[in-house]
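> Sharing a structure below in structure tokens format, with a few things to ask.
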Amino acid sequence: MRLYLVRHGEANPKQEDPDRHLTRAGAAEVCKMAAFLKALDLEAAEVWHSTKTRARETAELVAKAIKPRPVLRERQDLSPNDPIAHVESEVAYAEEDLMIVGHMPFLGKLAAALLTGDDHAEMIAFAAAGVVCLERFEERHWAIRWMIVPELLAKCRRRARP
């Protein structure tokens with residue numbers, strides 16, 4: 001089982017936009033990430049996202065890269081400072097690949113708990129619009145399969161040009 005953890009794209013400051021929609025640059029980065037993911041032929045039955053606008057917008061853009069089109073599911077328990085225990089338990093026994101679009105510190109704590117059993121272990125530096133793929137090999141044994149951040153995509157594109 002693979003779990004894709006996606007941090008939302010860059011969002012407007014709360015003072016300017018109380019709903020914190022993605023910025024143009026943030027949406028563009030998410031779209032570039034989605035294009036990269038589409039080339040990987042990812043599969044996921046569902047894409048979970050928090051109730052926050054920036055996470056929903058990111059999930060909608062990234063879900064377009066997954067075939068067959070996954071079910072988008074808004075969840076009340078994926079906000080930045082929510083406890084991870086319930087989600088960790090669900091993910092630990094999930095049968096199908098899953099994507100979670102969310103926030104820091106929630107994503108960092110969830111990844112650390114799955115990988116080490118300690119949600120305070122800082123394991124992964126999540127970038128805005130970044131994706132981490134975790135894989136469960138045995139019951140409750142997880143490993144990092146890969147990670148990609150927008151900065152790496154930009155560098156790859158510049159080097160690929162003749």
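> Does the range 103-126 hold any residues that are surrounded by fewer than 17 Cβ atoms within 10 Å (Cβ to Cβ) and small (Gly, Ala, Ser), and which are they?
Across the range 103-126, the qualifying residues are Gly117, Ala121, Ala125.
> Out of everything in the range 43-69 that is more than 18 Å from Gly9 (Cβ to Cβ), in contact with an Asp or Glu (Cβ under 9 Å, 6 or more places away or on another chain) and of a type in the set (D, E, K, R), what residue ends up being surrounded by the fewest Cβ atoms within 10 Å (Cβ to Cβ)?
Residue satisfying both the conditions and the ranking: Lys67.
> Regarding the range 70-84, can at least one residue be identified that is surrounded by 17 or more Cβ atoms within 10 Å (Cβ to Cβ), closer than 26 Å to Lys14 by Cβ and in contact with a strand residue (DSSP E or B) (Cβ under 7 Å, 6 or more places away or on another chain)? Don't jump to the end; show me each part of the working.
Taking the range 70-84 as the starting set, the residues that turn out to be surrounded by 17 or more Cβ atoms within 10 Å (Cβ to Cβ) are 70, 75, 78, 82, 84.
Okay, now just the ones that are also closer than 26 Å to Lys14 by Cβ, so 75, 78, 82, 84.
If we keep only those that are in contact with a strand residue (DSSP E or B) (Cβ under 7 Å, 6 or more places away or on another chain) as well, we get 75, 78.
Yes, the range 70-84 has at least one match.
> Also, I was wondering about something else. Kindly list the number of the only condition in (1) within 18 Å of Leu152 (Cβ to Cβ); (2) of a type outside the set (Phe, Trp, Tyr); (3) in a loop (DSSP other than H, G, I, E, B) that fails for Thr51.
(1)
> Same structure, new question: Scan (1) of a type in the set (A, V, I, L, M, F, W, C); (2) in contact (Cβ under 8 Å) with a residue 40 or more places away in the chain; (3) crowded, with 19+ Cβ neighbours inside 10 Å for the single condition Ala92 breaks and write down its number.
For Ala92, the failing item is (3).
> Could you please find all residues in the range 92-127 being β-branched (Val, Ile, Thr) and part of a loop (DSSP other than H, G, I, E, B)? Reasoning before the result, please.
Here is the first cut: in the range 92-127, the ones β-branched (Val, Ile, Thr) are 100-101, 116, 124.
Matches in the range 92-127: Ile124 only.
> Same structure, new question: Quickly run through the range 73-91 and pick out the residues that are of a type in the set (S, T, N, Q) and in a loop (DSSP other than H, G, I, E, B). Show your work before the answer.
Going through the range 73-91, the residues of a type in the set (S, T, N, Q) turn out to be 76, 79, 81, 89.
Matches in the range 73-91: Gln76, Ser79, Asn81.
> Is one or more of the residues making up the range 26-42 over 22 Å from Ile148 (Cβ atoms) and surrounded by fewer than 16 Cβ atoms within 10 Å (Cβ to Cβ)? Break it down into steps so the answer makes sense when it comes.
Of the residues in the range 26-42, the ones over 22 Å from Ile148 (Cβ atoms) are none.
Taking every residue of the range 26-42 in turn, none turns out to be over 22 Å from Ile148 (Cβ atoms) and surrounded by fewer than 16 Cβ atoms within 10 Å (Cβ to Cβ).
> Take the residues of the range 135-154 that are without any contact (Cβ under 8 Å) to a residue 60 or more places away in the chain and among the acidic types (Asp, Glu): which is surrounded by the most Cβ atoms within 10 Å (Cβ to Cβ)?
Across the range 135-154, the extreme among qualifying residues is Glu151.
Each value in this text was obtained by applying a stated rule to the coordinates, not by laboratory testing. This one's a predicted model, so the numbers in the text were calculated from it and none came from an experiment. Every residue, glycine among them, receives a Cβ derived from its backbone with ideal geometry; neighbour counts consider all protein chains shown.
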